[in-house]
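One structure below.
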Amino acid sequence: MSERKVLTKYYPPDFDPSAITRVPKHLRKTGPKVITVRLMAPFSMKCDKCGEFIYKGRKFNARKETTSEKYFSIPIYRFYIRCTRCSGEITFVTDPKNMDYRAERGAKRNFEPWRDASQVPNHDETEQEILDRLEREEGEEVEQEERDKMAELEEKMLDSKREMAIADALDEIRTRNARMERTEALGEEGTLTALERVRDQKDEEALRVEREIEEAARKAFMTEDGVRVKRLVDDDAEEDHKTATAAGAKPASSSSSSSSSTMKPPGDQPAPSFARVKKAKKPLANSLGIKKKAKPSLV
C-alpha cells in the first residue's frame, strides 16, 4: 500500500515542463460561471417534446448558472437538466419572491391546487405594498415584544409577591413550632405561666385601647386652646326652665298650706293623664322682628 502523503513525486523521462502553459486572463472564457451540481427535481413536470412525466425528487446531474437578474440583491440561478426519455434540455430558475422554482424552457410544471395563485394571500401585491406590509409586520413584532416584556415584568412581580407570602407563612410556622417546643420543654407549670403571661398581655392591650378611646373622646370636646366645649341651650327650653324655676320659688308656708288644703285621700285622686298638651304658637311677626305701627287716633 502506497503512502498517502509523499514529499517527492515521480516525473517520467519525457516530461516537458514547457508544455504546461497558463491561459492569460484576457483569453479566458467570459460570461456566467457554470458549474456541475447534483440536485433533485424541485417539482413534478412534463416534457414538451416526448410528454414524459418527471416526478418531484428525481436526481439529476445539472449545470448551475448564475444569471444577471437579481431580486432585492438576491441572485437568481438557472439549472439545466435533460429529459430521462428523449434527452431534451430542460431549464428552470429560482424564484426568491415566492420562495420556489419556476419552469423556464423544455418542460411544463404540473398543476398543483394548493399553489393556486387566487388562493394565495397577497398574491397581487406590488413591491411597494410588500415593503409597506413588511414594515407594518415588523412594527407589530416590536410592539408584541414590548408587550411581552411588560407581561414578563408583571409575572416577575407576582412571583416575588408569592415568594414573600410563602416566606411569611414559613416564618409563622417556625415561630409556632418554636413556641410549642418551648412549652413542651417548660412542662405543665411553664405552660400555665405562659398562658397567664399571654392573658396579661391581652388585658394590657385592652386597657391601652380603652385609654386611647377615652383620650380621643376628650380631645373631641376640647378646643385648640384647651377650653371645654359647652352645650348651647335653645331659647324655648330656657324659657320653660325659667318658668319652672319661678313656679317653684313660692314661700314654703303657702305651698305647705295649699298642699294640705288640696291634699286628698289617695283613693279620691284622679288618674294621671299622659295626653300631649299643645303650646300656643308665637306670632310670626314677633319671631321675624317686625314691629307694627300704632294707628293714629282721630281724637
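Here is how the numbers come out for the structure above:
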quantity	calculated
Interchain or long-range residues, amide H under 5 Å from ILE90's placed H	ILE81, ARG82, CYS83
Square roots of 5 times each gyration tensor eigenvalue, C-alpha, segment 30-112, largest first, Å	22, 15, 11
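Coordinate-derived values only; no laboratory data. This structure is a prediction, so every number in the text was calculated from the model and none was measured.
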